[in-house]
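The values are calculated or read from the model by the stated rules, or taken from the named source; none is laboratory data. All of these numbers come straight from a predicted model, not from anything done at the bench. When we count neighbours, we look across all protein chains shown, and the Cβ atoms used for this are built from the backbone with ideal geometry, even at glycine.
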Amino acid sequence: MPLVEIRNVTKIFSQGRSGVRAVNDVSLDIHAGETLGLVGESGSGKSTLGRLVLRLIEPTSGSIRFEGRDLLAASPREMRRLRRDMQVIFQDPFASLDPRFRIEDIIAEPLIIHGHRTPKAGVRSRVVELLRAVGLDESILRRFPHEFSGGQRQRIGIARALALRPKFIVADEPVSALDVSVGAQIVNLLAQLQREFGLTYLFISHSMPVVRYLSTRIAVMYGGKIVEVGETTQITERPQHPYTRSLLEATPEVAV
């Protein structure tokens, strides 16, 4: 059974008297331990689909299951429990961290919200462990987000996403706000963390080279629809859809 099952999901945003069909009848499976790369240009519906999968927004129609459980039928209490296993890494490391919080509090927040029954010293040692996992040092615990570079902030965001030991992470354009070399470091970190923690990713990006490097399978999204899905080698070496071919032709190889 897939970890995540998306069936016939549609999302229409109302706009005046008409509606914009941001996601149009999408069906996808995401299997435990894989990285499904979701690639397409801006406005194709990728981030909307990522938010739908986490039930951060509600679909207009369709169904989403996580470990066989119907997310759309889950009560608020059930969703709270399920959210421990489903986390997100946001696109913008400058906007996703609360500037008023110290780094220790930012990473500890999910543990506190979800009632982690650990003494304060235990929470701090867990935070230090998470910082080390993402390549940062405990000396930063009492500092604030504005004191760090974009790449460091993204590492802090990743540590926060890992705090509850999730099974599934939606990485929504996690390197698009970073320069190429820093982005490559973050992509390598995500690959390393996947091996260490047995993570499953939905990795959303407009960059085919990055998706190719990290993903087990690739789904190509265009105009709210999935136009092609397959193993990474099949999509990148034998693409079937003209849009996939145009994406591959438009993106030069980058060293990752």
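If you go through region 138-188 and keep only what is in contact with a helix residue (DSSP H, G or I) (Cβ under 6 Å, 6 or more places away or on another chain), among the acidic types (Asp, Glu) and free of Cβ contacts under 8 Å to residues at least 60 places away in the same chain, you end up with just 138. Can you work out which of the residues in region 53-70 that are in contact with an Asp or Glu (Cβ under 8 Å, 6 or more places away or on another chain) and buried (at least 18 other Cβ atoms within 10 Å of the Cβ) is farthest from residue 167 (Cα to Cα)? Going through the qualifying residues, I end up with 64.
Listed by position, the strands (runs of 3 or more DSSP E) contained in region 167-251 that have at least 3 residues being at pLDDT 95 or above and under 30 Å from residue 81 (Cα atoms) are 168-172, 200-205, 217-222. State whether the residues of region 130-138 include one that is on the phi > 0 side of the Ramachandran plot and not in a helix (DSSP H, G or I). Yes, the conditions are met somewhere in region 130-138. Looking at the structure I just gave you, is residue 125 of a type in the set (S, T, N, Q), closer than 19 Å to residue 190 by Cα and exposed (fewer than 15 other Cβ atoms within 10 Å of the Cβ)? Answer is no for this residue.
Of the numbered criteria (1) in the same structural domain as residue 201 (by TED's automatic domain parsing); (2) of a type outside the set (Lys, Arg); (3) at pLDDT below 95, the one residue 27 fails is (3). Residue check: residue 176 meets all listed conditions (1) outside the structural domain of residue 42 (by TED's automatic domain parsing); (2) surrounded by fewer than 17 Cβ atoms within 10 Å (Cβ to Cβ) but one, namely (1).
Criterion applied to 168, 197 was being of a type in the set (Phe, Trp, Tyr) and crowded, with 20+ Cβ neighbours inside 10 Å, and the one residue passing it is 168. Scanning region 210-233 for residues that are of a type outside the set (Gly, Ala, Ser), out of contact with any strand residue (DSSP E or B) (no Cβ under 6 Å at 6 or more places or on another chain) and more than 21 Å from residue 169 (Cβ to Cβ) returns 222, 233.
Counting only helices (runs of 4 or more DSSP H) that sit wholly inside region 8-122, those with at least 3 residues that are over 30 Å from residue 149 (Cα atoms) and without any contact (Cβ under 8 Å) to a residue 12 or more places away in the chain are 76-83. Comparison of 136, 131, 52, 38 shows that the only residue that is over 21 Å from residue 158 (Cβ atoms) and aliphatic (A, V, I, L, M) is 52.
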